[in-house]
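Structure first, then comments.
The values are calculated or read from the model by the stated rules, or taken from the named source; none is laboratory data. Nothing here was measured: the structure is a model prediction, and the numbers come from that model. Positions of Cβ are backbone-derived with ideal geometry, glycine not excepted, and every protein chain shown enters the neighbour counts.
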Amino acid sequence: YVLQALPEVVKKFPDLVYFVLGATHPGVIERFGEKYRQSLEKIVLDNNLQKNVIFFNQYVSMERLLEFVKAADIYINPYVNKEQISSGTLAYAVASGKAIISTPYWYAEELLANERGTLVPFRNSSAIADALIKLLSDETLRDRMRKSAYELGRQMIWEEIAKDYAHTFEQALLNYRHNDNCFVSKKSKDENFALPEINLQHLRTLTDDTGLFQHAVFSIPNRTYGYCTDDNARALIMAITNWNLFKNNKIIPLLDTYLSFLNYAFNEENQQMRNFMSYNREWLEETGSEDSQGRAIWALGYTCAFAPDDAILCLAGRLFKRTIKNSLSFTSPRAWAFTIIGSLYYLEYYSGDTKIQAIVEILSEKLLNQFQKNSSKDWFWCENIITYDNARLPQALITAGHYLNDKKMTSTGLKALQWLINVQTDPNEGHLSIVGNKGWYPRGGKKATFDQQPLEAAGLVDACYQAFLVSKKSSWRNYMYWAFNWFLGKNDLRYAIYNTWANSIMT
């Protein structure tokens, strides 16, 4: 369209030179060859414009491109697509203070507003000719346009853009605390938030052929502390969950590793699980804590419910039956809860196992009695201190009550879970504020703020899910999102614990 406009312009300005800069796009060449460029060259020949048009048929470097832009008096940008949202050469021309003629695509409309350039209709050679003649005839207009473009261009240099970003971040920080949309307040608990895609790369990084490392330095495995049954049991639950959701065989090697660790953790001499193992594969104890025993039972029962093949099912089932034998001697409410949860999963597959049914009844009654004996109007809890992995206690009561058709047990679990949520809800902004491990939350005392542990947020998600399944009340589903968003920044520090770049939890 510019070439077709030139004959009229050249009549008044015979010394005009129009550069057509750049090589034909490889995709165009592949489909059509050089037909388009040849058609342009034919227009030049047909209109006797050989002295006025120069084709520079090369890809040029950024440095060379800017030399061409600086050398030009007028830059013409005749795009034919209205929805064009950017143009590097237009930005360079504006920043260089050039008189500009362009079609009114979106980006050009923004940059050339307020008479910083001349906009002409799409596919209109006559309008381009008129605009060129007007600019070439009026030096004052041309200079005014150049100055206006240059002033805008000063705002587009990186130094100024960096200042704009810094100002935006500063304002965001100042306003963040007062922005109701940034927190799950009482008004916003019904909102659903986008969840990150599942990515197992960090888990693979923290797993070697022995098992899952206990700790990491940021996202790098810390071999100093070796391994533990606790964490490998959790990892096995995760791997089984992943298999149950996606049926992707790529998870099987991880699943096998974690199950193998639990199998090796079982001490044949005392028939109990060991917990801590050094990096050089030496057990640091003969018997693990009750909580680690319970978590192993939970993971093994869960594996039985959703095992991907018979080999995994048989090993998990055999190890489950051997490990659970000592569970009735547990004194820890969390160990009871873990055992109850795992046993109920086990019974999903082995529904007729009366011995496991009896263990569920005994331990759930113990847990219920503990709540009934220890609770008061302002402290509805089974212990005199809120510590870690708290949500698993009401979760166990809810699931066991539903299984046993014990309404008292179920209602106690639901009430305890709601109370736990209430004491861990920030009173001002409504987000999850987990009890910190530096002092915990003793009865009649002050709730510690730090350090908050991710397993509490994860446990709340699971417990609220069970509450939703049993009660069918949507409020529990909303609490699931409320708890999970602790990882994404709805917490006391307003800091995203989940690192999307490393796919890890930063604590």
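Surrounded by fewer than 18 Cβ atoms within 10 Å (Cβ to Cβ), among the aliphatic types (A, V, I, L, M) and modelled with pLDDT of 90 or more: is that true of L136 in this structure?
Here the answer is yes, as L136 does meet what is asked.
Only one of Y258, Y279, Y225 is over 22 Å from G342 (Cβ atoms) and in contact with a Gly (Cβ under 8 Å, 6 or more places away or on another chain). Can you tell me which?
Y279
Name the one entry in L367, L393, L414 that is farther than 24 Å from N485 by Cβ, of a type outside the set (S, T, N, Q), more than 27 Å from the chain's Cα centre (by Cα) and surrounded by 17 or more Cβ atoms within 10 Å (Cβ to Cβ). Reasoning before the result, please.
Values: L393 fails: farther than 24 Å from N485 by Cβ; L414 fails: farther than 24 Å from N485 by Cβ.
Going through L367, L393, L414 in turn, the sole match is L367.
Scan segment 275-296 for residues that are surrounded by fewer than 21 Cβ atoms within 10 Å (Cβ to Cβ) and assigned to a loop (DSSP other than H, G, I, E, B) and jot them down.
Across segment 275-296, the qualifying residues are S278, Y279, N280, R281, E282, L284, E285, E286, T287, S289.
Please go through (1) farther than 19 Å from Y479 by Cα; (2) surrounded by 16 or more Cβ atoms within 10 Å (Cβ to Cβ); (3) of a type in the set (A, V, I, L, M) for I385 and return the number of the only condition it doesn't satisfy.
(2)
Looking for something farther than 19 Å from L319 by Cα, under 21 Å from the mean Cα position of the chain (by Cα), in a helix (DSSP H, G or I) and of a type in the set (V, I, T) - is there at least one such residue anywhere in segment 220-236?
No, segment 220-236 contains no residue that is farther than 19 Å from L319 by Cα, under 21 Å from the mean Cα position of the chain (by Cα), in a helix (DSSP H, G or I) and of a type in the set (V, I, T).
Any idea which residue in segment 178-196 is nearest to L432 (Cα to Cα), counting only those that are modelled with pLDDT of 50 or more and surrounded by 11 or more Cβ atoms within 10 Å (Cβ to Cβ)? Please lay out each step first, then the result.
Within segment 178-196, the first condition is being modelled with pLDDT of 50 or more, and the residues that meet it are 192-196.
Filter once more, keeping what is surrounded by 11 or more Cβ atoms within 10 Å (Cβ to Cβ): 193, 195-196.
On the way: F193: 15, L195: 17, P196: 19 Å.
So, considering only residues that are modelled with pLDDT of 50 or more and surrounded by 11 or more Cβ atoms within 10 Å (Cβ to Cβ), the one nearest to L432 (Cα to Cα) is F193.
Does A108 satisfy being free of Cβ contacts under 8 Å to residues at least 12 places away in the same chain and either among the hydroxyl-bearing types (S, T, Y) or under 18 Å from E83 (Cα atoms) (or both)?
no
Hey, does segment 136-144 have a residue that's closer than 18 Å to T89 by Cβ, in the same structural domain as I74 (by TED's automatic domain parsing) and either polar (S, T, N, Q) or in a loop (DSSP other than H, G, I, E, B) (or both)?
No - not one qualifying residue is present in segment 136-144.
Would you check which residues across segment 419-446 are closer than 17 Å to K490 by Cβ and in a strand (DSSP E or B) and list them?
Result: T425, L432.
Name, by its number, the condition in (1) small (G, A, S); (2) assigned to a loop (DSSP other than H, G, I, E, B); (3) more than 29 Å from the chain's Cα centre (by Cα); (4) buried (at least 17 other Cβ atoms within 10 Å of the Cβ) that does not hold for A400.
In the conditions (1) small (G, A, S); (2) assigned to a loop (DSSP other than H, G, I, E, B); (3) more than 29 Å from the chain's Cα centre (by Cα); (4) buried (at least 17 other Cβ atoms within 10 Å of the Cβ), A400 misses (2) alone.
Can you tell me how many residues in segment 64-100 are farther than 15 Å from K147 by Cα, in contact (Cβ under 8 Å) with a residue 12 or more places away in the chain and out of contact with any Lys or Arg (no Cβ under 9 Å at 6 or more places or on another chain)?
Of the residues in segment 64-100, 15 are farther than 15 Å from K147 by Cα, in contact (Cβ under 8 Å) with a residue 12 or more places away in the chain and out of contact with any Lys or Arg (no Cβ under 9 Å at 6 or more places or on another chain).
Mind listing just one residue for me: the one in segment 1-12 that is surrounded by 14 or more Cβ atoms within 10 Å (Cβ to Cβ) and not β-branched (V, I, T) and, of those, nearest to N57 (Cα to Cα)? I'd like the intermediate steps shown before the answer.
Initial filter on segment 1-12 (surrounded by 14 or more Cβ atoms within 10 Å (Cβ to Cβ)): 1-10.
The next check asks that each one be not β-branched (V, I, T); those that pass are 1, 3-8.
Values: Y1: 19, L3: 16, Q4: 20, A5: 21, L6: 20, P7: 22, E8: 25 Å.
Per the stated criteria, the residue is L3.
Is at least one residue of segment 458-469 at pLDDT below 95 and surrounded by fewer than 14 Cβ atoms within 10 Å (Cβ to Cβ)? Before the answer, list the steps.
Filtering segment 458-469 down to residues at pLDDT below 95 leaves none.
No, the conditions are met nowhere in segment 458-469.
Could you list, in sequence order, the residues of segment 477-499 that are without any contact (Cβ under 8 Å) to a residue 12 or more places away in the chain and either of a type in the set (S, T, Y) or outside the structural domain of D451 (by TED's automatic domain parsing) (or both)?
Result: Y495, single match.
Which condition number does E41 fail, the rest of (1) touching a residue at least 12 places away in the same chain (Cβ under 8 Å); (2) on the phi > 0 side of the Ramachandran plot being met?
E41 satisfies all of (1) touching a residue at least 12 places away in the same chain (Cβ under 8 Å); (2) on the phi > 0 side of the Ramachandran plot except (2).
Mind checking which residues of segment 226-262 are surrounded by fewer than 14 Cβ atoms within 10 Å (Cβ to Cβ) and more than 22 Å from A458 (Cα to Cα)?
Correct list: K247, N248, N249, K250, P253.
Among residues belonging to segment 107-126 that are in contact with a Ser or Thr (Cβ under 9 Å, 6 or more places away or on another chain) and among the hydrophobic types (A, V, I, L, M, F, W, C), point out the one that is surrounded by the fewest Cβ atoms within 10 Å (Cβ to Cβ).
Of everything passing the filter in segment 107-126, F122 is surrounded by the fewest Cβ atoms within 10 Å (Cβ to Cβ).
Please find, within segment 153-174, the residue that is modelled with the lowest pLDDT out of those that are among the hydrophobic types (A, V, I, L, M, F, W, C) and assigned to a helix (DSSP H, G or I).
Restricting attention to segment 153-174, the residues satisfying the condition of being among the hydrophobic types (A, V, I, L, M, F, W, C) are 156-158, 161-162, 166, 169, 172-174.
Among the residues that remain, those that are also assigned to a helix (DSSP H, G or I) are: 158, 161-162, 166, 169, 172-174.
Values: W158: 88, I161: 90, A162: 92, A166: 89, F169: 87, A172: 82, L173: 76, L174: 70.
Top of the filtered list is L174.
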